[in-house]
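Below you'll find the structure, written out as structure tokens, and then a few comments.
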Amino acid sequence: MSVASRIRKFPFWSWLWFILGALYFILPLYATLDFSLRMERGAIGFKAYREAFADLEFLETFGYSTLLAVMTIIVSVTLIVPTAYWIRLRLPEARRLVEFITLLPFVVPAIILVFGLIRVYSSPLEIPFTEIQIGTPLTMLNIGRFHLGTNILIVAGYVVLALPYMYRSVDTGMRTVDVRTLTEAAQSLGASWYTIIVKVILPNVRSALLSGALLTFAIVVGEVVLASFLGIPAFGPYLFLLGQHRAYEPSALTFTTFLITWAAMGIIQLVTGGQGQTAGAH
Amino acid sequence: MSFLTLSNVSKRFTDFDAVKEFNLDVEKGEFVSFLGPSGCGKTTTLRMIAGFESPTSGTIRIAGEDITERAPSQRNVGMVFQSYALFPNMTVAQNIGFGLRIRKESEDALRERVDEMLSIIHLEQKGNSYPYQLSGGQQQRVALARALAIRPQVLLLDEPLSALDAKIRLSLRAEIRAIQRQLGITAIYVTHDQEEALSISDRIVVMSHGRIEQVGTPFQIYNFPETNFVAGFVGTLNTVEAEVLDSKNGLLRMDGVQFKTSQEEMKGRSAGDRIRMSIRPERFSFVTEQNRKDNVLDCIIENITFLGSVVRIQVKIAGVIFNMDTFNNPFLELPKIGDKHQVTCSQEAVMVYSGEASA
């Protein structure tokens, strides 16, 4: 092969767009990292990281947000997987409606959502067109010092915020493996619904589930509006407050959350190694 | 008593009847194909036997037991899908053993059966492979083994070869038939490929618009089609409009040219009736001293097409083009385009139908 033909075959434009795209994402990240390392005048070091991690409130808020994220993921998966599965299997005509519903969190801002949630759940349930009120308001439901009602409310709010990402991930995963035919194949072999979902469907949408879970995790850990207005000690409001009073520590924590997200993505790659190929083989 | 019986089975979807009054008896060990164009109801009927669709009316029985209302998982029928439907997360051996595991067979029995099935489909070395590591033909063989591993009472195959290339299709259809004979299993095979149905089946059910047009052996379906649709759908057919000239002597007229048909074809018809006259291309031949009998027709050679084992010659008889097929051989003397010749066909070759033109 001649040098000229090699040059002709080099995909110049592909590489140019790839490099421009990569720079768009990497430059701000690099700037954040660089800034976070310059806390000490005239030196590069990890002082901002040490101080940020030394703050007990960081660990508490991050731990709390992680717990909320896990709860949100569990509720989302429990709600969305059977819904998406059933729509693919039995109610394909409902798909457009459900897709529209899942897009609503993009249309309705979180600030509207939180005021709506507070207004509805901070007063007792009222029977429409009457003045009869039933039960205790959800926000008043406490177990000792644990605000059960508020925690239920915020997880429910996060499930709504994560809905577009989780639903789309799961639905795409199910489309890739043709769940309808796989279900029928399993049924003809005598499998019960439980076996079909646990042994056939879930393993084949595992990659999609993990992607949805990762996005949900990222949304919940960084969320500020809902957590601030419901007055809960989450990581988002903590980072926001820290940013108002400190310069270097928020950058250090932002970069750390990026690393955690990447680590999660790496775990997904490890856990689902070869899944893409397998899923395509139907 | 028949092994699989469908009695007056109908299926109505919201706005149309997919299957109408379907009646069929299938004997144990028989290989029956449902043949018809897209939308004729063949797959819907198969899915009703599998339990994936519920009949609007009628009953389905296997070995005398009414399974009409039974869930698909409780029917003990094996199903092979067009898209293979292998579980991508499981190896070949796990796929084949899936149904046995559900039936809680012991590990030893399961392993023995999986090995037996792998040997039947000649994929002994592929037990630990994943579906994506196999070719399309291999995947479909695994799907067949998986369906057969549970020892189903009936094996259902829904266009299993449609996604494969022509060569693999030929070898796999022979393999499917051989395995079905070896195991003596009752099989229902859905296809829109007439050659596939003719080559593989004990009997064929030809369907159109949700109804059975004809049930018969491949020989009966091809040589003695009962309706104009069957005649047109199975094989190639020359169909023209004609008029009954003399029903007693089986004489027909097409654009001034006279054809003679058998007495059988003239039953219930009288002179002046407008009918459809059909002749298969291979029933024509050039006139020789030996075959000069019933229908000797003047023609002009219009076109000659080489189709491999067959040469198709288009001849014009009284302004109408007819296809004539003759077997290819290296010493075949072909006429030239524009030549005048005489062709002939026996009176039994001239089939007569009422109604619309064939499909």
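Laboratory data are not the source of any read-out in this text; all were calculated from the coordinates shown. Because the structure is a prediction, the values reported are computed rather than measured. Neighbour counts run over all protein chains shown; Cβ positions are idealised from the backbone, glycine included.
General observations
- Hydrophobic long helices, here whole DSSP H runs in chain A with Kyte-Doolittle means of at least -1.0 and Cα atoms spread over 15 Å or more along the helix axis, are found at A:12-36, A:56-89, A:95-107, A:110-121, A:148-177, A:206-222, A:235-245, A:248-271.
- Convex hull projection area averaged over all views, the stretch A:159-277, Cα basis, nm²: 9.3
- Normalising the average separation of contacting C-alpha pairs (under 8 angstrom, six or more residues apart) by the number of residues puts the relative contact order of chain B at 15 percent.
- Each of B:Met207, A:Met39 was scored by other Cβ atoms within 10 Å of its Cβ. Arranged with the fewest first, they read A:Met39, B:Met207.
- Exposure proxy order (Cβ contacts within 10 Å, fewest to most) of B:Asp158, B:Asp273: B:Asp273, B:Asp158
- Charged-residue dipole, Cβ positions (Lys, Arg, Asp, Glu), chain B about Cα centre, Debye nearest 20: 420
- For B:Lys104, the lysines whose Cα falls under 18 Å of its own Cα, not counting residues fewer than eight places away in the same chain, are A:Lys199.
- Neighbour count of at most 12 Cβ within 10 Å plus DSSP loop: longest GluC sites (Glu not before Pro)-free window in chain B: B:70-288
- Within the listed set A:Ala227, A:Ala52, A:Ala186, the residue fluctuating most in the Gaussian network model of chain A (springs between alpha-carbon atoms under 10 angstrom) is A:Ala186.
- Fluctuation leader among B:Gly78, B:Gly58, B:Gly319 - chain B, Gaussian network, Cα springs under 10 angstrom: B:Gly319
- Helix-derived mean residue ellipticity, 222 nm - over chain B, DSSP H n ≥ 4, -39500 (n - 2.57), to 500: -7000 deg cm²/dmol
- Average partner coverage of A:177-186, which counts Cβ from other chains inside 10 Å: 6
- Relative to one another, the C-alpha centroids of the stretch A:194-225 and the stretch B:186-253 are positioned 54 Å apart.
- q = 0.09, 0.11 Å⁻¹, the protein assembly as shown: log10 I(q)/I(0) [Debye, one scatterer per Cα]: -0.95, -1.14
- Its Cα gyration tensor gives the stretch B:177-246 an equivalent ellipsoid, and the semi-axes of that ellipsoid, as √(5λ) in whole Å with the largest first, are 29, 12, 10.
- Placing unit charges on the Cβ atoms only, positive for Lys and Arg and negative for Asp and Glu, gives chain A a dipole magnitude near 1000 debye about its Cα centre.
- Applying a DSSP loop filter and a limit of 16 other Cβ atoms within 10 Å to the trypsin sites (Lys or Arg not before Pro) in the stretch B:25-70 leaves B:Lys28, B:Arg70.
- Here chain B is scanned for chymotrypsin sites (Phe, Trp or Tyr not before Pro) in DSSP loops (not H, G, I, E, B) that have at most 11 other Cβ atoms within 10 Å, and the longest stretch holding none of them is B:17-330.
- Within straight-line cross-link reach of B:Lys28, aspartates and glutamates at Cα separation under 13 Å, skipping those fewer than 8 residues along the same chain: B:Asp202
- Relative contact order of the stretch A:46-281, defined on C-alpha pairs under 8 angstrom at six or more residues apart (%): 28
- Percent of Cα-Cα distances greater than 38 Å, calculated over chain B: 32
- Only Cα sites of the stretch A:46-281 enter the Debye sum here, all with the same form factor; the resulting log10 I(q)/I(0) across q = 0.15, 0.16 1/Å is -1.10, -1.18, listed in q order.
- CD proxy at 222 nm, helix term only [per DSSP H run n ≥ 4: -39500 (n - 2.57); per residue of chain A; nearest 500]: -23500 deg cm²/dmol
- Kirkwood hydrodynamic radius of the stretch A:221-268, from inverse mean 1/r over distinct Cα pairs, in Å: 11.6
- In plain terms, the residue of A:Trp193, A:Trp15 with the fewest other Cβ atoms within 10 Å comes first and the most crowded comes last, giving A:Trp15, A:Trp193.
- For the stretch A:20-64, GluC sites (Glu not before Pro) are listed when DSSP marks them as loop and at most 16 other Cβ atoms sit within 10 Å of their Cβ; the list is A:Glu40.
- Among A:Ile19, A:Ile267, A:Ile101, residue whose mean-square fluctuation peaks in a GNM of chain A (springs only between Cα atoms under 10 Å): A:Ile19
- Shielding by partners - mean other protein chain Cβ count within 10 Å, residues of B:85-96: 5
- Across the stretch A:1-119, the relative contact order, built from alpha-carbon pairs under 8 Å that are at least six residues apart, equals 7 percent.
- Extending 7 Å from Cα along the Cβ direction at B:Asp339 and again at A:Ala156 yields two label points whose distance is 8.9 nm.
- If R0 equals 30 Å, the separation of the Cβ atoms of B:Glu195 and A:Arg90 corresponds to a calculated FRET efficiency of about 0.25.
- In nm, spacing of pseudo-spin labels at B:Leu332 and A:Val108 (7 Å Cα→C-beta vector): 7.4
- Evaluated at q = 0.11 Å⁻¹: base-10 log I(q)/I(0), Debye formula over Cα of the stretch B:48-133: -0.41
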